[in-house]
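Here's the structure, in structure tokens; my notes come after.
The values are calculated or read from the model by the stated rules, or taken from the named source; none is laboratory data. Computed from a prediction, not measured in an experiment: that's the story for all the values here. All Cβ positions, glycine included, derive from the backbone under ideal geometry; neighbour counts span all protein chains shown. These area figures cover heavy atoms from the full protein model, side chains too; ligands, DNA and RNA do not enter into them. Shrake-Rupley method; radii C 1.70, N 1.55, O 1.52, S 1.80 Å.
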Amino acid sequence: MKLFGRFKSKRRSKVAKVPAIEYDKEAQAKLAVPLGKRELIPNIGMYIAEVLKENGITMQFGVGGGHIWQIRDEISRIGIKTITFGHEQNSVYAAEAYSQATQRPAVAYGTVGPGAANSFSAIHQAYTSDTPIVFYAGGHEFEHDNMQNTLQESYAAEFFRARGVCKDARGILYLEQAKQAFTMAFKESMNAPS
């Protein structure tokens, strides 16, 4: 008797792998209600997913949270695997190991506030070992800056800007900044530390 494992049914469902409609222009043209009428299209997750794909990322490591679900969803839809951990520090250590084994940049993430704080020492470890990691964390809406009226108000970019913690840290305030910021992050991650 197995205590752990999957229950195997005699019937097997056949699920066709269909590309996400957000990336399929022909499928979008056939919709009765165009994308963007019901949901926020484009969204920041789409831009981040595109940059990750362009940089050859096949998996990311982290702990999800409400502030980054949209980003995680888009990354998953474009075909990048997500390895979920119970603690952000462990996810950054796993990304560091993956990066060192593959000799390519790795991606780690955490949610706003405690998620970013939990990853702090692991990011510093990756920085001191010159391991290329791109880390992203959620944040609150900039309209709520210094108002103490939002859940887990966080300034992760300022937190990580401390000298000697990482190569670069930046906040993204507007959707249009996402692709450029992530492209720059990948380039910077591959540069030697200064």
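Brief remarks follow.
- Multiplying the residue separation of residue 173 and residue 31 by 0.36 nm and subtracting their alpha-carbon distance yields 48.0 nm.
- Cross-linked pairs 53/167; 53/187; 30/179: Cα-Cα separations exceed 24 Å for 30/179.
- Under-5 Å amide H pairs with residue 109, H placed in peptide plane, nonlocal only: 61, 62, 63, 136
- Unit charges on C-beta of K, R, D, E only; dipole of segment 67-147, Debye: 380 debye
- Accessible heavy-atom area order of 167, 187, 53, highest first, probe of 1.4 Å: 187, 53, 167
- Label-reachable residues, segment 45-61, where backbone N falls under 11 Å from a point 7 Å from residue 81's Cα toward its Cβ: 58-60
- Pairs of alpha carbons in segment 56-125 whose separation is greater than 13 Å (percent): 61 percent
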